[in-house]
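Encoded as structure tokens, the structure appears first; notes follow it.
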Amino acid sequence: KIRELDKAGEYPFEACTALAEAGINGLVYPEEYGGQGGSFMDLAVLGEALGYHYGGIAQAWGITCIYAGMHIALHGSEAMKREILPKVISGDMRLALCLSEPDHGSAVASIEALAVRDGDDYVINGSKIWTSNAHRANHIFCLVRTKDTERRQEGISFLLFPMDCPGITVKPIINIVGEHRFNQVFFDDVRVPQSCRLGAENDGWTVAKYLLEFERGGSA
């Protein structure tokens, strides 16, 4: 089953469910959240084995079970850990990374997508681009600007929220060979509870740097 899914294309998220059935997804997460309490060495060995045998699945597993899960375990609130980590472990989490913005290339800190406090919520307006698999994801990691600062790495906050929030529009970007992997994502008065924030407000760059370390190291 896993080998068939691996041939289905890049980021076969369905494989995360199959890996959950094999008891793999929760390897390094605490038992209190449904994990197995394993070590980072266990994680490294497993990642190497998956990458060797199933390249596409290793990418999907890395995005969902490493990028999402490790960030929640280390930077999320207790409520977020109890709500989201079981979804990661069960394979129900399908994550997209909304980082880059139009006209800014790889300058990730040049965030213009604005999140304004309104009661217990943030109201988000702006756009993200080159978002892989946003059309298939059910949650997104999103960098937003919560304060206008001279140093652009400051005043950024890091949010995790569902893709079905009202006001989110996903526009496909078809590549030169006709494949649909990338997207532009638009946010029009999208309301997200402040409880969806990882880390402190305006200190999202600290969390983002940690994400980028996992992105590069995990790919390797």
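Among Leu46, Ile89, Ser77, which residue has its Cα positioned farthest towards the positive end of the charge dipole of the range 46-164, with +1 placed on the Cβ of Lys and Arg, -1 on the Cβ of Asp and Glu, and the dipole taken about the Cα centre?
Positive-end residue among those listed: Leu46.
What residue among Phe187, Phe141, Phe158 has the largest mean-square fluctuation in a Gaussian network model of the chain, using Cα springs under 10 Å?
Maximum fluctuation in the GNM of the chain, among the listed residues, is at Phe187.
Taking the chain as a Gaussian network, where each spring joins two C-alpha atoms under 10 Å apart, which residue of Ser127, Ser39, Ser77 fluctuates the most?
Result for the chain, Cα springs under 10 Å: Ser39 fluctuates most.
Remind me, what semi-axes does the range 104-198 give for its equivalent ellipsoid, largest first in whole Å, using sqrt of 5 times each Cα gyration tensor eigenvalue? Please report the intermediate quantities before stating the final value.
Values: eigenvalues 110, 56, 20 Å².
The three semi-axes for the range 104-198 are 23, 17, 10 Å.
Divide by every residue of the chain the summed helix terms, -39500 (n - 2.57) for each DSSP H run of at least 4, and state the resulting mean residue ellipticity at 222 nm, rounded to the nearest 500 deg cm²/dmol.
Details: 7 runs with 70 residues, N = 220.
Result for the chain: -9500 deg cm²/dmol, rounded to the nearest 500.
Just the number, please: carbon plus sulfur as a percent of the accessible area of the chain, 1.4 Å probe, no ligands or DNA/RNA counted. It would help to have the intermediate numbers written out before the result.
Details: 5480 of 10670 Å².
Taking all protein chains in place, the chain shows 51 percent carbon and sulfur surface.
Per residue, how much accessible area does the chain show when a 1.4 Å probe rolls over the protein heavy atoms, in square angstrom? Don't skip to the end; give the middle numbers.
Values: 10670 Å² over 220 residues.
Accessible area per residue, the chain: 48 Å².
Under a plain spin-label model, where a point goes 7 Å from the Cα along Cα-to-Cβ, how far apart in nm are Tyr52 and Asp120?
Distance between label points: 5.0 nm.
Placing +1 at every Lys and Arg Cβ and -1 at every Asp and Glu Cβ, with all other atoms neutral, what dipole size does the range 62-113 have around its Cα centre, in debye to the nearest 20? Before the final figure, lay out the partial values.
On the way: 4 positive and 6 negative charges, 66 e Å.
Computed about the Cα centre, the dipole is about 320 debye.
Just checking the chain: which Cys have no other cysteine's beta-carbon under 4.7 Å?
If one checks each Cβ against the other cysteines of the chain, Cys16, Cys65, Cys165, Cys196 turn up with nothing under 4.7 Å.
Pairs of lysines 8 or more apart, or on different chains, with alpha carbons under 19 Å: count those in the chain, would you?
Numbers: Lys128/Lys147; Lys128/Lys171; Lys128/Lys209; Lys147/Lys209.
For the chain, the number of qualifying lysine pairs is 4.
Please find, in a Gaussian network model of the chain (springs between Cα atoms separated by less than 10 Å), the residue of Thr64, Thr149, Thr131 whose mean-square fluctuation is greatest.
Most flexible of the set in this elastic network: Thr149.
For Asp42 and Val170, what is the calculated FRET efficiency with R₀ set at 25 Å and r taken between the beta-carbons, to the nearest 0.05?
Step by step, r from the Cβ atoms, then E = 0.10.
What length, rounded to one decimal in nm, is gained on full extension from Glu154 through to His104, with 0.36 nm per residue of separation minus their alpha-carbon distance?
Details: separation 50, 0.36 × 50 = 18.00 nm, distance 1.67 nm.
Taking Glu154 through His104 to full extension adds about 16.3 nm, to one decimal.
Tell me the label only: which of (i) 10.9; (ii) 11.9; (iii) 13.4 is mean projected area of the Cα convex hull in nm² as calculated from this structure?
(ii)
The values are calculated or read from the model by the stated rules, or taken from the named source; none is laboratory data. These numbers were taken from a predicted model, which means no experiment stands behind them. Because the Cβ atoms are built from the backbone with ideal geometry, glycine has one as well, and the counts that use them run over all protein chains shown. For the accessible areas, the whole protein counts, side chains as well, though only heavy atoms, and no ligand, DNA or RNA atoms are used. Shrake-Rupley method; radii C 1.70, N 1.55, O 1.52, S 1.80 Å.
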